[in-house]
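Quick notes on the structure that follows.
None of the figures in this text is laboratory data; all of them are computed from the coordinates on show. Computed from a predicted model, the values in this text were never measured in an experiment. All Cβ positions, glycine included, derive from the backbone under ideal geometry; neighbour counts span all protein chains shown.
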Amino acid sequence: MSKISRAALFEALNAYVVPGTQATLAALKAVKGIDVTDGKVTVLLQLAESYRDRVAPMKEALEAVLAGQPGVTQAEIEIGWEKTAQVEFKNLIPGIKRCVVVGSGKGGVGKSTVTTNLAVAMAQQGLKVGLLDSDIYGPSIPMMLGLKESPLGTPEGQILPLEAFGVKVMSMGVLIEEDRPVIWRGAMLNKALQQFLKDVAWGDLDVLLIDLPPGTGDVQLTLIQNAQVDGAVIVSTPQDVAFLDAKKAIGMFGAVKVPILGVVENMSSFVCPGCGQETQIFGHGGVKAAAARMELPFLGEVPIDLAIREGGDSGRPLVAAHPDSPQTRAFQGMAETLKVALKL
């Protein structure tokens, strides 16, 4: 009988991709032990409870992988389950029909630019739209919308959101001086986010878009806990390393039962304004292909354009400044898709 190689067993197991995800057992650090007794191999895995619905095909596939290794006469998979943290949900904004969060998992992918133009596009389609910039430490949306004044208050003690291009807006950037840093810890941060929801006089809105800061931590969870979130939009650039972080955001939303309304590929290509030649600086199509593999809706691609950067710096979003551009048509198409998905 051939000698069983533990190294070969680990290699085969770690390469296995969990169905419905892009995550291998190695990435999940799921293989906790392998017992070899004569020709029988018993494997102990530790997985999140959210994977319970695919346990049968996983066991069948993994047992087949092990049975194909030299010397293995019998294979058995044992799985321990990690409980998903229970989250208490409440809704601090009951007067808003739909709430959509926009996340990326990492910074630098143009998420705030996408959110801003998407909000303006939805407002142009006749919806009553609100936009909450929840990046307390680096609020950029006020600059993108040309907002410099401070908001007023109501007699009841609420804050009146500012308005630009038909969108109601609230951000830490309109409450503090432009060059003043926010140095807060978790408790103060969470309280501020809750106030942005319950103490802002949003009024009658069809949809509130919440621009999430990068990451998958306390800020994101606080917002999801305190708003009745109807879905999430994920923004990524085409390269694999960017979508690797986007997948973490997708996983977070899945853990708290927030449906993914769509995935956006930003900076998908660049068309030279002089010669008209298209260059795929960050690659192209990677996000669409990954969305298809994960069975997620794909909202569209937004090419790089100098006008997008100029609009962000000048306070006049591309959708408003260049209504006939290909990028604007992309945003309008996304807005229409979301409008249908949210039944607005």
Sorting Asp324, Asp204 on the 10 Å Cβ count, fewest up front, what's the list?
Asp324, Asp204
How high is the FRET efficiency from Ala64 to Ala289, r the C-beta distance, R0 30 Å, rounded to 0.05?
0.65
If the label point sits 7 Å along Cα→Cβ of Ala12, residues of the range 39-64 with amide N under 18 Å come out as 39-45, 57-64
Positive end of the dipole of the range 6-82, charges at C-beta (+1 Lys, Arg; -1 Asp, Glu), about the Cα centre: which of Pro57, Ala27, Val41 has its Cα farthest in that direction?
Ala27
Taking other Cβ within 10 Å of each residue's Cβ, how do Phe165, Phe298, Phe331 sort, fewest first?
Phe298, Phe165, Phe331
Taking Cα atoms of the range 6-82, Rg/Rh with Kirkwood Rh, to two decimals?
0.94
Just check the range 1-130 against the gyration tensor rule for me: Cα atoms, a ≥ b ≥ c as the square roots of the eigenvalues, rounded for a/c under 1.5, and otherwise prolate or oblate depending on whether a/b exceeds b/c.
prolate
Leu62 neighbourhood, Cβ < 12 Å, K/R = +1, D/E = -1, net charge -2
Sort Met144, Met58 by Cβ crowding within 10 Å, fewest neighbours at the top.
Met58, Met144
Starting from 0.36 nm per residue, how many nanometres of slack lie between Val36 and Leu306 once their C-alpha separation is accounted for?
91.1 nm
